[in-house]
Amino acid sequence: MRAIQLTAVNQLEVREVPDPSPGKGEVVVKIAAAALNHRDVWIKLGQYAGLKFPCTPGSDGVGVVVAAGPDVVPGGWVGRRVIINPSFGWGQGEAAQGEAFSILGLPREGTLAEKIVVPVGQLSLAPAHLSDEEAAGLPLAGLTAWRAVMSRAQVKRGERVLIGGIGGGTALFALQFAIAAGAETWVTSSSPDKIARAVALGAKGGFDYTKPGWAEAARAEVGGLFDVIIDSAGGDGFESLIDLAAPGGRIAFFGATRGNPNVLPMRKIFWRQLSLLGTTMGSPHDWASMLAAVERHAVRPVVGEVFPFARAAEAFALMERGGQFGKIVLKP
Ligand SMILES: NC(=O)c1ccc[n+]([C@@H]2O[C@H](COP(=O)([O-])OP(=O)(O)OC[C@H]3O[C@@H](n4cnc5c(N)ncnc54)[C@H](OP(=O)(O)O)[C@@H]3O)[C@@H](O)[C@H]2O)c1
């Protein structure tokens, strides 16, 4: 079968590799569509812990189960259209993942392949209202956004929410989940066009984070501060987010695309009773709740662009320059 592999830092190749066969408790999924996450870019750039080469990245995929290990109950999964929960070995607690936690697509071979072997417990039926391209984009970003917005920040009806970098795959799910929860939701982006597209999806408005003074302008336009802020950029812009949080507000963050902030303004945080909430991926409970909400609210993942495996380098380059609005999908 063909797989998109990294053979060294920044060396992306479509290669012939042996077909996988299922072990105990495992199934083989024939991938119909896979999707990129920023994690795949960090891995390609050699900026991820536990790198090994060659490796097949990819945490997101939808496909049909074509084979099952000897001990997997026959007839249950074979022939079903499934998505794969990329959060492996979370453990028992809801507060945080345990030591056995890992993410599909390193160290385990990922979804950017014609076939993949996964434990049967990681499967869920693909939501019927979604195309393959849409369903492929749901797993990692949908799970991360759900936990950030619903489990950690606990966004409530009527609250004012700000979501940063709306072109991002995860940010767009955060927007959709916050709107579904009944929040008044605003966004930031480097692109006026992406802000307009977010407004078309139900955002109240947005602000260009590249413009000096954007945070003051945002405060003036919304007529106040934000109860909840969802961020994955960090960096020096993080201080503006602290300034924009309402007293008692929550800032949930799951990424540091722009690195660490130079300053953490302690006094602003304690005096205004702010909660800084770190969050990563999600538990099996988060996964099930996210899927139920996607069905209940008929959420449709936003698909930015679809590429064949042969054009994987273009797909990665698009994500590296932040050109996308929504998920970047790859089809075998
Ligand atoms: N901990 C976890 O479980 C977890 C899960 C998912 C993602 N992440 C992390 O979260 C980040 C986003 O991941 P993704 O897969 O959603 O990425 P993505 O689809 O590549 O999105 C990246 C987006 O970040 C935005 N951005 C860049 N610089 C920014 C800044 N200074 N301020 C605000 N936004 C900025 C851009 O938005 P515009 O184009 O609108 O400007 C860009 O489109 C990455 O660092 C990733 O590693 C972590």
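Some values worked out for this structure:
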{"read-out": "Residue that is open to solvent by less than 60 Å² (accessible area, probe 1.4 Å), of a type outside the set (Ser, Thr, Tyr) and in contact with a Gly (Cβ under 7 Å, 6 or more places away or on another chain), where the choices are Phe325, Phe316", "value": "Phe325"}
{"read-out": "Those residues of segment 59-79 which are at pLDDT below 95 and among the acidic types (Asp, Glu), in sequence order", "value": "Asp71"}
{"read-out": "Pairs with Cβ under 7 Å, 6+ apart, first in segment 88-105 and within 16 Å of Ser151 (Cβ to Cβ), second more than 13 Å from the ligand (Cβ to nearest atom) and open to solvent by 70 Å² or more (accessible area, probe 1.4 Å)", "value": "Trp90/Pro284; Gly91/Ala100; Glu94/His285"}
{"read-out": "Which listed residue is touching a Ser or Thr at 6+ places or on another chain (Cβ under 9 Å), open to solvent by less than 30 Å² (accessible area, probe 1.4 Å), under 23 Å from Gly121 (Cβ atoms) and outside any loop (DSSP other than H, G, I, E, B), from Ile31, Ile4", "value": "Ile31"}
{"read-out": "Single residue of segment 299-332 satisfying the filter (more than 8 Å from the ligand (Cβ to nearest atom) and basic (Lys, Arg)) that is farthest from the chain's Cα centre (by Cα)", "value": "Arg311"}
{"read-out": "Residue in segment 295-314 that is touching a Pro at 6+ places or on another chain (Cβ under 8 Å) and acidic (Asp, Glu) present", "value": "yes"}
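Here is a yes/no grid of residues against (1) within 14 Å of the ligand (Cβ to nearest atom); (2) hydrophobic (A, V, I, L, M, F, W, C); (3) more than 26 Å from the chain's Cα centre (by Cα):
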position	(1), (2), (3)
Ser189	yes, no, no
Ala220	no, yes, yes
Phe226	no, yes, no
Met266	no, yes, yes
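Per-residue answers, yes or no, for (1) open to solvent by less than 10 Å² (accessible area, probe 1.4 Å); (2) in a strand (DSSP E or B):
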site	(1), (2)
Val78	no, no
Ile83	yes, yes
Glu94	no, no
Ala100	no, no
Arg108	no, no
Val117	no, yes
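Residues are listed down the side, and each one gets a yes or a no for (1) closer than 21 Å to Lys331 by Cβ; (2) small (Gly, Ala, Ser):
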site: Pro20; (1), (2): yes, no
site: Val27; (1), (2): yes, no
site: Ile31; (1), (2): yes, no
site: Ala34; (1), (2): yes, yes
site: Val66; (1), (2): yes, no
site: Arg80; (1), (2): yes, no
site: Gly89; (1), (2): no, yes
site: Ala100; (1), (2): no, yes
site: Pro107; (1), (2): no, no
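The values are calculated or read from the model by the stated rules, or taken from the named source; none is laboratory data. None of the values given here were measured: they were computed from a predicted structure. Neighbour counts are summed over all protein chains in view; Cβ atoms, including those assigned to glycine, are modelled from backbone coordinates with ideal geometry. Note: areas computed on protein heavy atoms with side chains; ligands, DNA, RNA excluded. Shrake-Rupley method; radii C 1.70, N 1.55, O 1.52, S 1.80 Å.
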